[in-house]
Amino acid sequence: MVDAGILGEKDRVELIRGEILEMSPIGPPHDGSVLRAINNFFAILGKRAIVGSQGSVRLSEYDEPQPDIYLLRPRDDFYTRRKAGPSDVFLIIEVADSSLKYDRTIKAELYAEKGVPEYWVADIPGDCVWVYSERRGKAYPKIDQLHRGDFRVPKLLPDCRIPIDIVLP
């Protein structure tokens, strides 16, 4: 679409259920949270996962969201030969300021339906993190609310204890 002139290089959009949707603007608390998380994830994860930020994950032909942070299975080519898909994902994290309702409903349903094993929403206004896990079919039946000082061990990264604080401003 960029090549055809429909979208510009700097347009913030993602493909959800076959529709091109405009993404919310990014403010300093959101930006800072993403940067803090990425820098801390490198130290915590080492080479256990590839840390990505605001790139796309191809969940299906009609779904290519651009999560704020995603942890992927290591690959020697760093996904230069193909986009990461659901089976490559350890964890997806959305940092939500103005997009909280959307991230906790539409995105949670999409990620569960497409096979993402675990999904976190860093709730900036609420100063907490919502953790969606134990995916079954099109839903995450287990939703935990975690606060500063709490830690979480992602299901597919059992030797990585992650402090919740790193994804909050």
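Summary table below
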quantity: Any hit, segment 126-135, residues being touching a residue at least 40 places away in the same chain (Cβ under 8 Å) and not hydrophobic (A, V, I, L, M, F, W, C); calculated: yes
quantity: Subset of segment 127-156 [farther than 22 Å from residue 66 by Cβ, under 18 Å from the mean Cα position of the chain (by Cα) and assigned to a loop (DSSP other than H, G, I, E, B)]; calculated: 127, 134, 153, 155
quantity: Checking residue 65 against (1) within 23 Å of residue 36 (Cβ to Cβ); (2) surrounded by 14 or more Cβ atoms within 10 Å (Cβ to Cβ); (3) out of contact with any Asp or Glu (no Cβ under 9 Å at 6 or more places or on another chain); (4) not hydroxyl-bearing (Ser, Thr, Tyr), the condition it does not meet; calculated: (3)
quantity: Among residues of segment 48-66, those that are within 19 Å of residue 80 (Cβ to Cβ) and of a type outside the set (A, V, I, L, M), counted; calculated: 8
quantity: In segment 69-97, the residues that are acidic (Asp, Glu), free of Cβ contacts under 8 Å to residues at least 40 places away in the same chain and either surrounded by 22 or more Cβ atoms within 10 Å (Cβ to Cβ) or in contact with a His (Cβ under 8 Å, 6 or more places away or on another chain) (or both); calculated: 94
quantity: Residue within segment 117-124 that is over 15 Å from residue 34 (Cβ atoms), surrounded by 15 or more Cβ atoms within 10 Å (Cβ to Cβ) and of a type in the set (Gly, Ala, Ser) present; calculated: no
quantity: Segment 117-126, subset outside any strand (DSSP E or B) and more than 10 Å from the chain's Cα centre (by Cα), residue nearest to residue 63 (Cα to Cα); calculated: 117
quantity: Tally, over segment 44-69, of residues that are over 17 Å from residue 109 (Cα atoms) and outside any loop (DSSP other than H, G, I, E, B); calculated: 7
quantity: Selection within segment 103-114 - buried (at least 17 other Cβ atoms within 10 Å of the Cβ) and of a type in the set (Ser, Thr, Tyr); calculated: 111
quantity: Long-range neighbours under 8 Å by Cβ, at least six apart or interchain, first residue closer than 19 Å to residue 29 by Cβ within segment 141-169, second polar (S, T, N, Q) and not in a loop (DSSP other than H, G, I, E, B); calculated: 163/40; 166/40; 167/33; 168/33; 169/33
quantity: Residues that are over 10 Å from the mean Cα position of the chain (by Cα) and at pLDDT 95 or above, drawn from segment 59-75; calculated: 72, 73, 74, 75
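The values are calculated or read from the model by the stated rules, or taken from the named source; none is laboratory data. What you are looking at is a predicted structure, and each value in this text was computed from that prediction instead of being measured. Note: ideal-geometry Cβ built from the backbone for every residue, glycine included; neighbour counts use all protein chains shown.
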